[in-house]
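Trainee: Could you have a look at this structure, given as structure tokens, before my questions?
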Amino acid sequence: MLIFWASFFVSFLACAALVYTKKRHLKLTGSGQDTFAVQASHTAPTPRIGGVAVMAGMLVGAGIAFLQGQPLYLILLLTSLPMYATGLAEDLFRHISTRVRYASTALSALLAVWILGIWITTADSYVLEWLFYFMPAAILVTLFVVASYCHAFNLIDGLNGLASGTGILIAAGLAAIGAQIGHAEIITMSVITAVSIAGFFLFNYPFGRIFLGDGGAYIIGYMLTWTALVILHVAPETSTWAMFLLFFWPLADTLFAIYRRRRKGVSIDTADRLHFHQLVLRGLEIFFLGRNKRTVANPLATSVILPFVTAPVIAGVAFWDKPLISFLALAFFGVAFVATYRLGLAAAQGRLRRPRRRWPRNMSPAE
């Protein structure tokens, strides 16, 4: 338990230090221009380097785990440094292209593959299984999956507590599967990730006093994805579809964003305000809270979404070694995601288009 408390308190104290000294570093670590970004959901300049605290908690846990004879977490953190450094540079200096950040993530994943000798070897699909018989193709798929999930966590980081809360839930699911297969190091890795995120979460939710930034989102996505890949490696009976269930929310939001942007004919990295979490945020404002209630609507939207994040994670844990049921569950949640999104969007657009009732000057609505 010492290892987990150490990771949590280091992350928590690092966040506290960054929050309470923000006046000294906000010109570098935050920007007033962030609040005018098309995808912004906050109203005041806020430090974007919460990933520093998360990484600090992970490093402390990794060091203790290494001394206890569990080196895997530390190895993965060291391989993540090219990706993490590029993400942190974006948080501090901006204007680092998406391609450069994606390439650095793939480089980190390649280092992990080279050092650990672990990559995806099965898809639990007769249609795609042949692809993984060829090692170069399997490694390329692995690099793509790791890099894509890191950026997927960055895409869902649009509300206070959403990306970090999702990360904690996925880590808990990975720990539960680790317990079912009886692998102590996987449990350790998962819990270190969860508690390092939790130290940040307490400052990010509900009031958004500090944000993850690209570096924070990337390192969470990286460590969670690699933990899942390690599970698939050490326990081949684990269903790949079950892993997708655990990671369903960032997967679904990213795929739907790509589809949405391609349909509009714009680049897939073009920012917009049409992510699921932004739809929920605007829905709360339109139907319940009214305008100028963003400080309430933001954390409330996270509270609405997190139960939907939890459901596929529970399914993934329950069906961790049942490929067919996991696939059917994944399809169900996919259909539910798209249907809910479209219904919510239609309802919001209908409400906005509905003409307001006009009352005579000498009569109030109450009359």
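Trainee: Are there any pairs with C-beta distances below 7 angstrom linking a residue in segment 258-283 that is closer than 18 Å to residue 335 by Cα to a residue that is among the hydrophobic types (A, V, I, L, M, F, W, C) and in a loop (DSSP other than H, G, I, E, B), with the two at least 6 apart or on different chains, and if so which?
Mentor: 258/268; 260/274; 277/156; 277/159
Trainee: Then there is this: Select from segment 313-332 the residues that are of a type outside the set (Lys, Arg), more than 15 Å from residue 256 (Cα to Cα) and in contact (Cβ under 8 Å) with a residue 60 or more places away in the chain and list them in ascending order.
Mentor: 313, 314, 315, 316, 317, 319, 320, 321, 323, 326, 327, 329
Trainee: When you check residue 57 against the structure, is it over 17 Å from residue 150 (Cβ atoms), within 18 Å of the chain's Cα centre (by Cα) and at pLDDT 95 or above, yes or no?
Mentor: yes
Trainee: Among the residues of segment 176-195, is any on the phi > 0 side of the Ramachandran plot, surrounded by fewer than 22 Cβ atoms within 10 Å (Cβ to Cβ) and of a type outside the set (Lys, Arg)? So that I can check it myself, show each step before the final result.
Mentor: Looking only at segment 176-195, we keep the residues that are on the phi > 0 side of the Ramachandran plot, and these are 182.
If we keep only those that are surrounded by fewer than 22 Cβ atoms within 10 Å (Cβ to Cβ) too, we end up with 182.
Narrowing the set further to residues that are of a type outside the set (Lys, Arg) leaves 182.
Yes; the residues of segment 176-195 include at least one that is on the phi > 0 side of the Ramachandran plot, surrounded by fewer than 22 Cβ atoms within 10 Å (Cβ to Cβ) and of a type outside the set (Lys, Arg).
Trainee: Given the conditions (1) touching a Ser or Thr at 6+ places or on another chain (Cβ under 9 Å); (2) modelled with pLDDT under 95, which single one is not true for residue 134?
Mentor: Only one criterion is unmet by residue 134, namely (1).
Trainee: Run residue 335 past the list (1) touching a residue at least 24 places away in the same chain (Cβ under 8 Å); (2) exposed (fewer than 13 other Cβ atoms within 10 Å of the Cβ); (3) of a type outside the set (Ser, Thr, Tyr) and report the number of the one that doesn't hold.
Mentor: (1)
Trainee: Could you say whether any residue in segment 148-165 is in contact with a His (Cβ under 9 Å, 6 or more places away or on another chain) and assigned to a helix (DSSP H, G or I)?
Mentor: Looking for residues that are in contact with a His (Cβ under 9 Å, 6 or more places away or on another chain) and assigned to a helix (DSSP H, G or I), one finds at least one in segment 148-165, hence yes.
Trainee: Just to confirm my filter: which helices (runs of 4 or more DSSP H) fall fully inside segment 194-285 and include at least 3 residues that are in contact with a Phe, Trp or Tyr (Cβ under 8 Å, 6 or more places away or on another chain)?
Mentor: 213-234, 240-246, 248-264
Trainee: Among the candidates 116, 110, 162, 143, single out the residue that is at pLDDT 95 or above, in contact with a Leu (Cβ under 9 Å, 6 or more places away or on another chain) and surrounded by fewer than 17 Cβ atoms within 10 Å (Cβ to Cβ).
Mentor: 116
Trainee: Pairs needed: first member in segment 106-127, under 16 Å from residue 236 (Cβ atoms); second member anywhere, surrounded by fewer than 16 Cβ atoms within 10 Å (Cβ to Cβ) and hydrophobic (A, V, I, L, M, F, W, C); C-beta distance under 8 Å; at least 6 residues apart or different chains.
Mentor: Short answer, once both residue conditions are applied: 119/135; 123/131.
The values are calculated or read from the model by the stated rules, or taken from the named source; none is laboratory data. Keep in mind that this is a model prediction, so the values were computed, not measured. Every residue, glycine among them, receives a Cβ derived from its backbone with ideal geometry; neighbour counts consider all protein chains shown.
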